[in-house]
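A short write-up of the structure that comes next.
The values are calculated or read from the model by the stated rules, or taken from the named source; none is laboratory data. The structure displayed is predicted, hence computed values, not measured ones. Virtual Cβ from ideal backbone geometry, glycine too; neighbours counted across all protein chains shown.
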């Protein structure tokens, strides 16, 4: 983390945040304090916490199944009822955040909660990329319903006797509130939502559009690891202690979420079909390069054709998510 | 290359190729020997070369515009006539290749040709990801038509005064012949074609399905560098000397192309919409893991949801290309 | 209407409705009574009216621009602010409607309101099927912004000096409330919404899933006529007096909206890409034929391949809408 | 037919055809004369017939399975081998047809061939709209493989004991040759191909782009009836005697096929996703209205939003086909 501090000091959040220079207060959003978790993201729920720009919050997230899948014998179709999945903490109000601003959310750390922590991965009937679904409607028999419980710690995810994966956590769902809609926590859109981007882990800063007073931050859906696209529909879903720092960039009006990492900036789009998500991401990245880095639009377009980097978040949710990135090296003037 | 030799010795090509142990002959497919380049890939053209399994071929590829864009004042619409773009060398017959086999094509090296080599990048009206096109038909005015000539050598691509990119070449179009169709060189499909995958560079081995006697290999479309998705429609297109080694894997019947790198294996799908390309790639990767690495189908599906890697080749061609990969680390039994 | 009464007496609504045999009360939902119109459809707004199953309601709908486009000089971008378009009357509570039931909405009549009634059709920048949009993101210049004011009466729509179209009204947006989400009135989904189906005119009966107590009916977006697909993004939008009759089918649990006409039944799907909307519609139609008309699933599937009828509602909204229908002739046993 | 003669006399073909006023010769393209049928449509096969503009041809088409499915016990996977399906008659050369012209093909009549004629409809594993396919790749078990033999005559299609459908024939596949590609007969594209449009029956005139000398007409895939979208993947496929009249419109350069009926003109697009097919069709229709009927582009665009008619051909082939139409009433000046 010491090393990372270097780039964080030069991040957009650090340079332009309303809370820069303030000594942050650490808030704890425990399960008790949260009380009822949310399955829809909008302006109609009561805030659980109000914090100042620059503050830190340690959030106790529940797993995407809200703990209902306890053993490998628990079937999703028996334990879950739609749309009550992917529980979200929040909403959290951030002082000073007003429509037209951007909310910055830095993930400081993500740790598994509980003794002998386990993640859960399920094949849920008619959900996932390689099956007919509610939207890609087919008449084929469903895939088998399989639950995997996956032991993990802050270093490793023990997938199977054969394979151990590195613990590489990220937050799957991160949102501000839409202006008047309330959107289920399974769907990503311009407000953030269920983006499932592996880049959104410790060290990352996400910028979200503020569309209601106080921004109304929602957060949940920790993944201990996830492949590009989240192909079977679920990651290693687990209950986490996720510590974030929030800040407000005044007057930075975003149409879609953006992400900053040590070595790159990334614009994020969510849509169907998948090419539309990629189009949005690249267009937003070009606009960002033009507005903040002095690029000519066509130069940016043609140059990204040579050096743009694409991350597929998921192609299993009601909308699919793609990030388009450029290395910061190429942004220096 | 010395280092690379290590993994190449353990590659599928080296272990299963018909030509293993043979001392390769080096063939030269110069511009003169090629004569007329091809714009359609099929069984109806005359072979320019016949080689043995295991042989090497040094191919003089032309750039995707066949050299017709000489200066930044040359407009694509003035200099190009569809479908006569993306010229291909070949077809090359490989002895011993029969329908039902796989053709292995290892890219050994790619070098710029000519003095003061330049690449070319164009914005072609109604072509590219961020414009209405012939297929995503709109009534909007076209984007401006812009040509960039880009000085390059075997180390660097001098994109602009501000930005220099690393020379990271790959071959954009690599194909065997379909059984009875002949497909223009702009379109990728099950036979390979215009996949535009940045991974298909020196050190990579591509496996293609053989569907006609001798495989009928076509190759062209060298890129000095390319971003994920090739968003503006063209890469840094250049004339290359590309040296390949070809081999035949008897009885390995592929539905779609596959790729092997030092650290991973990748299955490739090409389709529209983009999610279908990703579905194909992941399904083929699962089949590969099941057939050749002893994985249970559902274990592979769920595990790739945790560790699969996706590369977007292009989303500008008549079909879009996606590669889905897994690290070899996870394939060891 | 006398003729129509024949089939209406045999409709699902008439045969199975909770209010059958009841003498209907006619309610008037005037602009005054409505007060504030709604731009989001969900469980969080206050009901304006409560009616009994079988009752009739005369609704004063506003046009999709809420009257803000008064002359052909009024530009949409000057007069409209997203997401405050497509105003909806309601919510209306229907007694006896509970989650798991279906709401039946029969359109009895649709008449233009006001003296010298005019409809409005606009080309809105970055909206429509033949332009880059917020989701199909391109860099092309926008299409021109054009407003057409169209004189109309209950017989004719005077499109231009050259062309007069028949007055063929339908309601563009018809919804029950989602369970926990609130969805903007531009987007169709499983709850109905902005389907823009030309079949949803006088004489039609729409069946919608009830997901909250009282169903919470929303209605708006009258079109004096509309082509298949609503290609430029808007129809002849006008202020209407729409008289409906509502009823409740107890225990008929629908996943998607359905429609009944004199000669056919139609299942409706809304999704992107467009083939997914068509898949949903056909699958729902097959399920309907199996559940209510004694068809074997595969017989229905294969037979619809010979006689299914498809209507494209729109392919311009955030989700696209398709109806799949079968003639009632083929349903008789 | 006598009645139809009226509009045919005023058709584009009759008014602008090279063969107008010529007394037509009737040619017979029997199975014997055809010899080998074709599964790929391109410039590389030998012509079977040369005719003059204005001539008539009586073509003996084979069914899409080339007669290999004889009883309901015959399984497609046992009897068919891809890509050898959908056999085509031709190529037929038309004198005077040169690249840049349009070929007009009027369907005069379609009759079943043989005694006790039967059609065939199959559910082919991994083919159809409501199943995972080779392109929409899933891991679900396949649908059952079912064959239906369907007795028919020139009036009726006896689908089942319960349902008799009207005989409403059309030709599924109609093509000129691409310039250099050769495209399998399952795929529609700019050259025509496997469009599966129910409107392409007796009385219709199809206009196809000529891209090689003599046009090289291919024809096949008669359907005794077909629903919109051909949802299960096959229609009532049968062996027909299809009589056509061909003509050449000099200098009418088309990008996509077009269709003329008694009451409407229709532009045709084929692409994936389905919205792209619809976009192409509507854009081509607008261009047609502008070029030949004096419409302003934006007037046409906005007016089609009020009165355009869409037909879904198929959404099961490698590309999907949509027709967009306008009534001739609105084209009169």
Picking from D:199, D:181, the residue that is within 14 Å of chain C (Cβ to nearest Cβ) and either in contact (Cβ under 8 Å) with a residue 24 or more places away in the chain or under 14 Å from the mean Cα position of the chain (by Cα) (or both) would be D:199
Any residue in the range C:268-280 that is within 20 Å of the chain's Cα centre (by Cα), at the interface with another protein chain (Cβ under 7 Å from one of its Cβ atoms), part of a strand (DSSP E or B) and more than 25 Å from residue D:326 (Cβ to Cβ)? yes
Do you know which residues across the range B:285-299 are in a helix (DSSP H, G or I) and surrounded by fewer than 24 Cβ atoms within 10 Å (Cβ to Cβ)? B:287, B:288, B:289, B:290, B:291, B:292, B:293, B:297, B:298, B:299
For the range C:106-116, how many residues are crowded, with 18+ Cβ neighbours inside 10 Å and either assigned to a loop (DSSP other than H, G, I, E, B) or in contact with a helix residue (DSSP H, G or I) (Cβ under 9 Å, 6 or more places away or on another chain) (or both)? 1
Tally up the residues in the range D:251-267 that are more than 14 Å from chain B (Cβ to nearest Cβ), more than 18 Å from residue D:9 (Cα to Cα) and surrounded by fewer than 19 Cβ atoms within 10 Å (Cβ to Cβ), please. 1
For the range D:310-333, give me the residue count where each residue is crowded, with 19+ Cβ neighbours inside 10 Å and assigned to a strand (DSSP E or B). 12
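Taking the range B:313-332, which residues are touching a helix residue (DSSP H, G or I) at 6+ places or on another chain (Cβ under 8 Å) and more than 7 Å from chain A (Cβ to nearest Cβ)? If you could, list the steps in order and put the result at the bottom.
Applying the first criterion (touching a helix residue (DSSP H, G or I) at 6+ places or on another chain (Cβ under 8 Å)) to the range B:313-332 yields B:315, B:319-327, B:330-331.
Matches in the range B:313-332: B:319, B:321, B:322, B:323, B:324, B:325, B:326, B:327, B:331.
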So is residue C:87 in contact with a strand residue (DSSP E or B) (Cβ under 9 Å, 6 or more places away or on another chain), within 14 Å of another protein chain (Cβ to nearest Cβ) and farther than 19 Å from residue C:215 by Cβ or not? yes
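Taking the criterion of being part of a helix (DSSP H, G or I), out of contact with any helix residue (DSSP H, G or I) (no Cβ under 6 Å at 6 or more places or on another chain) and more than 25 Å from residue B:234 (Cα to Cα), would at least one residue in the range A:224-235 satisfy it?
Restricting attention to the range A:224-235, the residues satisfying the condition of being part of a helix (DSSP H, G or I) are none.
No - not one qualifying residue is present in the range A:224-235.
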Scanning for something farther than 23 Å from residue A:176 by Cα, within 14 Å of chain B (Cβ to nearest Cβ) and either in contact with a strand residue (DSSP E or B) (Cβ under 8 Å, 6 or more places away or on another chain) or at pLDDT 95 or above (or both), does the range A:236-250 turn up at least one residue? yes
Looking at (1) part of a loop (DSSP other than H, G, I, E, B); (2) under 28 Å from residue D:111 (Cβ atoms); (3) out of contact with any helix residue (DSSP H, G or I) (no Cβ under 9 Å at 6 or more places or on another chain), which one does residue D:193 not meet, given that it meets all the others? (1)
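Which residues, taken from the range D:1-55, are within 14 Å of chain B (Cβ to nearest Cβ), over 22 Å from residue D:96 (Cα atoms) and more than 19 Å from the chain's Cα centre (by Cα)?
Step one: list which residues in the range D:1-55 are within 14 Å of chain B (Cβ to nearest Cβ), which gives D:36-46.
Within this subset, residues satisfying the condition of being over 22 Å from residue D:96 (Cα atoms) are D:36-40.
Within the range D:1-55, just D:36 meets the criteria.
Within the range A:130-145, which residues are touching a strand residue (DSSP E or B) at 6+ places or on another chain (Cβ under 8 Å) and touching a residue at least 24 places away in the same chain (Cβ under 8 Å)? Give the derivation first.
Step one: list which residues in the range A:130-145 are touching a strand residue (DSSP E or B) at 6+ places or on another chain (Cβ under 8 Å), which gives A:135, A:137, A:143-145.
Those that are touching a strand residue (DSSP E or B) at 6+ places or on another chain (Cβ under 8 Å) and touching a residue at least 24 places away in the same chain (Cβ under 8 Å): A:135, A:145.
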Only one of these conditions is not met by residue D:28: (1) part of a strand (DSSP E or B); (2) in contact (Cβ under 8 Å) with a residue 60 or more places away in the chain. Which number is it? (2)
Single residue of the range A:132-166 satisfying the filter (away from chain D (no Cβ under 14 Å) and either surrounded by 21 or more Cβ atoms within 10 Å (Cβ to Cβ) or modelled with pLDDT under 95 (or both)) that is nearest to residue C:179 (Cα to Cα): A:147
Would you be able to tell me the number of residues in the range A:257-280 that are in contact with a helix residue (DSSP H, G or I) (Cβ under 7 Å, 6 or more places away or on another chain) and free of Cβ contacts under 8 Å to residues at least 12 places away in the same chain? 1
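Residue-by-condition table, conditions (1) in a loop (DSSP other than H, G, I, E, B); (2) in contact (Cβ under 8 Å) with a residue 24 or more places away in the chain:
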{"residue": "D:19", "(1), (2)": "yes, yes"}
{"residue": "D:32", "(1), (2)": "no, no"}
{"residue": "D:50", "(1), (2)": "no, yes"}
{"residue": "D:64", "(1), (2)": "yes, yes"}
{"residue": "D:85", "(1), (2)": "yes, yes"}
{"residue": "D:92", "(1), (2)": "no, yes"}
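Kindly indicate which of C:170, C:126 is within 24 Å of residue C:315 (Cα to Cα), over 23 Å from the mean Cα position of the chain (by Cα) and either buried (at least 17 other Cβ atoms within 10 Å of the Cβ) or within 14 Å of chain B (Cβ to nearest Cβ) (or both).
Working: C:170 fails: over 23 Å from the mean Cα position of the chain (by Cα).
Exactly one residue qualifies, and that residue is C:126.
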Criterion first (buried (at least 24 other Cβ atoms within 10 Å of the Cβ), more than 14 Å from chain C (Cβ to nearest Cβ), touching a strand residue (DSSP E or B) at 6+ places or on another chain (Cβ under 8 Å) and modelled with pLDDT of 95 or more) does residue D:175 satisfy it? yes
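Looking only at the range B:293-304, how many residues end up being without any contact (Cβ under 8 Å) to a residue 12 or more places away in the chain and either out of contact with any helix residue (DSSP H, G or I) (no Cβ under 7 Å at 6 or more places or on another chain) or at the interface with chain A (Cβ under 7 Å from one of its Cβ atoms) (or both)?
Initial filter on the range B:293-304 (without any contact (Cβ under 8 Å) to a residue 12 or more places away in the chain): B:295-299, B:302.
Then keep just the ones that are either out of contact with any helix residue (DSSP H, G or I) (no Cβ under 7 Å at 6 or more places or on another chain) or at the interface with chain A (Cβ under 7 Å from one of its Cβ atoms) (or both); that gives B:296, B:298-299, B:302.
Residues flagged as without any contact (Cβ under 8 Å) to a residue 12 or more places away in the chain and either out of contact with any helix residue (DSSP H, G or I) (no Cβ under 7 Å at 6 or more places or on another chain) or at the interface with chain A (Cβ under 7 Å from one of its Cβ atoms) (or both) within the range B:293-304 amount to 4.
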In the range B:305-312, is there at least one residue being at pLDDT 95 or above, in contact with a helix residue (DSSP H, G or I) (Cβ under 9 Å, 6 or more places away or on another chain) and more than 9 Å from chain A (Cβ to nearest Cβ)? no
